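The values are calculated or read from the model by the stated rules, or taken from the named source; none is laboratory data. The model shown is predicted, which means the values in this text are computed figures rather than measured ones. Methodologically, a virtual Cβ is constructed for each residue, glycine included, from the backbone with ideal geometry; neighbour enumeration extends over all protein chains shown. With ligands, DNA and RNA removed, areas are computed over all heavy atoms of the protein, side chains included. Shrake-Rupley method; radii C 1.70, N 1.55, O 1.52, S 1.80 Å.
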Amino acid sequence: MAKAPNLSLSQRLLLASQRMAPVAVKAALVQQLGAEQAAQLSPHMPPAQLRELIMTLPIEFLAEVTTHLDPRSILDTYLSLPDSLHLEVARRLCVIGAFATAARYAECLSPRQVKVLIYGIHDADQVLQIARHIVDIELIVQSLRSFSTSYLCKLTDAAAADANVALSARVLSGLPLPRQADICAHLAPAVLEPLLPLLLQANAALRELLPEPAQPVAELP
C-alpha cells in the first residue's frame, strides 16, 4: 500500500481496518467521511478492495466523489468496473450538471464504452454538453461512427442550438465523406448554412457528394 502522509485519522483508521471490516461497514464509514475525503482516500486503497467498495456505494454518492477525484489516480479500478455502473454514474453527473467530470471519466474509456454511454444517456443535449469538454475528438468520432443519420442530425441540431456548430464540424469531419453528405442532406437549412463551410474547409471533396442546389424556376411570360 502506498504511504499516505496527508490522510486524516479517520481515513487512516479506515485503511487499517479494510481487511477486517465487512464491506457494508466500510461503505457506511466512507459515506460518513463525505465525498471529498472519500476521493482523497480512494487512490490509497488496493484496487480489488476499492472496486468492491465502489460496487456497494450509492450512485449519488459515487457521482459526488468523482467530482473530487482524478480518474487516472484509480485507473485500473475504474476500467475494471462494469459498463452499467459507468452509465449510471454518468447519468447522475448529467443530472447535477457535472459535464466536465463526465467528460474527464469518459476519456479514460474505449470508443465502444463511450458508445454505450451515448446510447444509455439517450439525450442529445446532455451528450453535447459532455462532448464540449472532451479533448480527444477522435474518441467521439470513433464512438459515433455506427450511429444513425437521424441521431447524428439530432446532435448537430443540439450543437447549433447551443451556438457550437464548430464542435459538430470537428466531429462530423472525421466521418467518411458519404456519411457527411448524408447528414448534410437531412439537416435544416438554418443548421446546414453555418456548418457546411466548416466541413468543406476540412475536406473540399465533400462538395462533389452534395446534391446540386435547386435552380429557381423561370417565370412564364
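For this structure, a couple of remarks:
- Index of the failed condition, R91 passing every other in (1) in contact (Cβ under 8 Å) with a residue 24 or more places away in the chain; (2) open to solvent by 40 Å² or more (accessible area, probe 1.4 Å); (3) farther than 22 Å from E64 by Cβ: (3)
- Check on R170, farther than 30 Å from V95 by Cβ, basic (K, R) and either open to solvent by 20 Å² or more (accessible area, probe 1.4 Å) or in a helix (DSSP H, G or I) (or both): no
- Residues (surrounded by 18 or more Cβ atoms within 10 Å (Cβ to Cβ) and either among the basic types (K, R) or closer than 17 Å to L175 by Cα (or both)) located in region 105-114: V114
- Unmet criterion (only one of (1) under 28 Å from L93 (Cβ atoms); (2) modelled with pLDDT of 95 or more; (3) not in a helix (DSSP H, G or I)) for L187: (1)
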